[in-house]
Each structure stands twice: as C-alpha cells, then as structure tokens.
1. Run down 212, 189, 198 and say which single residue is in contact with a strand residue (DSSP E or B) (Cβ under 8 Å, 6 or more places away or on another chain) and within 22 Å of residue 281 (Cα to Cα).
2. For residue 146, state whether it is over 19 Å from residue 290 (Cβ atoms) and in a helix (DSSP H, G or I).
3. Can you report the number of residues in the range 111-143 which are touching a residue at least 24 places away in the same chain (Cβ under 8 Å) and not in a loop (DSSP other than H, G, I, E, B)?
4. Pick out the one residue from 375, 398 that is outside the structural domain of residue 62 (by TED's automatic domain parsing) and surrounded by fewer than 16 Cβ atoms within 10 Å (Cβ to Cβ).
5. Given 312, 364, 358, which one is closer than 27 Å to residue 40 by Cβ, in the same structural domain as residue 402 (by TED's automatic domain parsing) and in contact with a helix residue (DSSP H, G or I) (Cβ under 9 Å, 6 or more places away or on another chain)?
6. Can you list the helices (runs of 4 or more DSSP H) lying wholly within the range 1-82 that have 2 or more residues being over 18 Å from residue 383 (Cα atoms) and touching a helix residue (DSSP H, G or I) at 6+ places or on another chain (Cβ under 9 Å)?
7. From the list 295, 317, exactly one residue is under 28 Å from residue 102 (Cβ atoms), under 22 Å from the mean Cα position of the chain (by Cα) and in contact (Cβ under 8 Å) with a residue 60 or more places away in the chain. Which is it?
8. Within the range 360-369, can one find any residue that is surrounded by 21 or more Cβ atoms within 10 Å (Cβ to Cβ) and either closer than 20 Å to residue 240 by Cβ or without any contact (Cβ under 8 Å) to a residue 24 or more places away in the chain (or both)?
C-alpha cells in the first residue's frame, strides 16, 4: 500500500528528521501540538498540526494511545511513525494501529513484544547459537533465587529489567550481602519504568565495549546489516557519543557479529529498521544484549557511512517494498562520529539546564551534519529529554573525522543554557579516545574532569569579571557623590564616566 500521509507520534529533532524525508517522498505529515511547547519548531515544519493542548486526561500527550489513534482516524492518515522513545517500542500501540488498519512504521506488535522482553529475546538468541553471558534463562522470582544464581556464575553479577532497557531497572551486585537491597531497587525501578517488575540476572563484564549493529529487513524475508556503531562513551548506561565503524572491530569480527545480528532478526521474521546490541570484552568475545525495535537516536552515523536514508527505508518497507540492495552491495565509506549535545550542566553532574535558547549556530561544512529540534527562542523545559542537537561528522577516516570534529565543536555556539559541548571537547582532547582505546568505563577511569575549556575562555571570563566589578565600583562612587551634593542621579552621566 502506498503511504500518502504520516502522523508522527513524536516531537523535537526526530519529528523534523522524519518530516524532511517524508516531504522528499511527497508524503503529507501530521504532528501533535502540546501545551508544554506550543511554539516548537517541528510544528512549523509539518504540513498539518493536530492540537492536543486541551487536557482531556492525566496521560502524557505522546503516551496517550487512544487519543493518537482517534485522531489518526479522524484525519484519515495512512500511517504512524513513532520515532524513538515514548510509544516506539510499545506492542500495545502497534497492535492498536493494526486493529484500526493504520500502517505502523515499524515491526509488528508480536515482534516488538518478543524482542522487548529480554528473557524471550535471549532465548531466541540462544537457539540461534549467538553467544550469551552466563545467567538465568528467564526471570528470577526473588532475591533468594538471584543469590543462588549468583553463587553459581560468580560475582559480580548484573540485575536487569526483563521488560525494558535504557539503563533503568539495572543494578550491579558486587557481593552477596548487597543482593537483597539491589534486587529490590532494580525491581521497583523496573515496575515504575515499564509496568513490569520482573528481573533477570547475568554475569557482569567489567569494562566492555558496547557495539550495536543496524538491521534492515523487509516483509519478503530479506535481512541485511549496515555495519556497526561504537556506543561505549556512556554515563549511567546512557549514550553520549557514537561512531561508525568501531575502532575495535576487524573485518573478521565485524562479519561474525553482523551475521549473528542477522540470525537474531531472522528468528522472529523481523521487518523494518532495528538494532542488535552486543557487549565486547577485552578478549574480543562478544555477547548478545538486546534488540531495539525502532530507529535509534544515533542512526545518522550509519546513514553517513552507508549513504542509506533509514527513515525512507522504514517507510518503503512499511509499504511492502523489497530492500533495494543485498548484503554484498552494502559498503561502509569513511568514518562518522555523532556528539549528543544536551541541555545539561556537566560541572554539576550533568544536571538538567533549563531556559531559553537565545542563540544557536554551528559551522556549515561538507563534513558536518546537524540534526536539531531547536532554534533561536526555543524553550528547554523539564517535560521532555534534554537533547538539543546531534552534531554528526563524516570524513574519509577516523583521524580526519576527529580533526573536523575538533574544529566544528569550537564553532558550535549555544547561548541561553548550559550544554554538554564542554564535555565533547574534553572527550576529543583525551589521548586514549583519539587512539580508539576506550570502553564503557571511560568516564570514570579515563575522564577525571568531564569538561574542557580553552585558555582564552578563562582570560575572557576574568576580563569580564574585572570589568563588571569596576563598573559596580564606579556606579557606587557616583551615587555617593551625587547624594552628598543633594542632586538627582543622572544615568547618562554615569554611562559617560564609564566610557
């Protein structure tokens, strides 16, 4: 079925990203307007806006399945694209789309459920002979069972939510005496985040690399991978920087991991875009973690090295088209790095930094791509994630990409809120990062100071501090002088004296 209209059940940069591909394909786009950001940029980019500013219930706008479905029917849209986050991996949302004959641009609800439930996904991987870490074959019933399992496989172990991911419902247990407390914390967090308190346990690998493979599959049984993404620069299991390809993989290892990713996708008759995630230890042994059944935040690095528009392929697959390429035809060209620029105060432990984007600018260069959902005047609110923009660099090799990135980061300016730009500079200055020698413990073991600023920044800050102090002194002295003479203070004379 040809898709002529899409409702994007998302916001920010991913909404704009989907809109621009849809526009190129001649597809009409609909987006949702909320009272939390009624002047957001993505609203201006879409063809039509559906108004959700009136509060009908206590369900967040982008999580309100029935309201989204009702409006999709009302506006007679052909398809819904969920983007990432919110309802993107909610099998109930995909099922409701299927029930209403609305095309869900993603896999079926059965696939989402199977791959979203980590113990089911691991069982599928086991049957495909994909390497797994030692651990429970399903969810454990309580901390006592988890303790017995940990005694068998050895400490440290990691507890994970069976029904979710993204670092939530996850706890590392170093010693037996910590099991009860950590199990309770993990299960309560899993219940709150995913509505499911089930926990599974597996051996904990210290300081691994986090490698993921991008999958594309159509409804005709064709499955390919588009190479890997290195996602090891993380904070509390949240990715901060990604690159493709990975500095750690040889062609042989890439083929082994890519083949494993394809086998996992085939095991559930997968279709659409998806990502299979692995841990890679220091001996280059890899282990299946999970599969994300949606587009990833970091998908642009894959697009840059393959030249394939992943959003376009998702739409064409949803229409029933076959993949236009085979595995042998896919080539990885050059190197791409993505920096997530968040509205966070790095010096305060990456705490959220709210406010108004007074000015945002970045370099325009053939090697630079910026995906963003903000512009001058945009508000950073507490209601949504802190992502401001993604800076993507593409060059012929990693050394050139790092050089271009260093220049681009210097020319990327955001005024009005604190951001992670200083963190990005610190990573780029790190010697081991530049050598490609890093893992998921990079922030704690390598990056003692999580921000970097140039020497001239300190000099300018000192200059303006002295200037402000001198101005205050002069203003105070003039006020006293005029007060002694019993005269009214003339602000124009004060300004003249300061000059």
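1. Numbers: 189 fails: within 22 Å of residue 281 (Cα to Cα); 198 fails: within 22 Å of residue 281 (Cα to Cα).
The match here is 212.
2. Values: over 19 Å from residue 290 (Cβ atoms): yes; in a helix (DSSP H, G or I): yes.
Criteria met by residue 146.
3. Looking only at that region, the number is 15.
4. Values: 398 fails: surrounded by fewer than 16 Cβ atoms within 10 Å (Cβ to Cβ).
375 is the lone residue from the list that is outside the structural domain of residue 62 (by TED's automatic domain parsing) and surrounded by fewer than 16 Cβ atoms within 10 Å (Cβ to Cβ).
5. Working: 364 fails: in contact with a helix residue (DSSP H, G or I) (Cβ under 9 Å, 6 or more places away or on another chain); 358 fails: in contact with a helix residue (DSSP H, G or I) (Cβ under 9 Å, 6 or more places away or on another chain).
Testing whether each residue is closer than 27 Å to residue 40 by Cβ, in the same structural domain as residue 402 (by TED's automatic domain parsing) and in contact with a helix residue (DSSP H, G or I) (Cβ under 9 Å, 6 or more places away or on another chain) leaves just 312.
6. Values: elements: 12-24, 41-45, 65-74.
Output list reads 12-24, 65-74.
7. Working: 317 fails: under 22 Å from the mean Cα position of the chain (by Cα).
Just a single option satisfies the conditions, and that option is 295.
8. yes
The values are calculated or read from the model by the stated rules, or taken from the named source; none is laboratory data. Just so it is clear, the model here is predicted, and its values are computed rather than measured. When we count neighbours, we look across all protein chains shown, and the Cβ atoms used for this are built from the backbone with ideal geometry, even at glycine.
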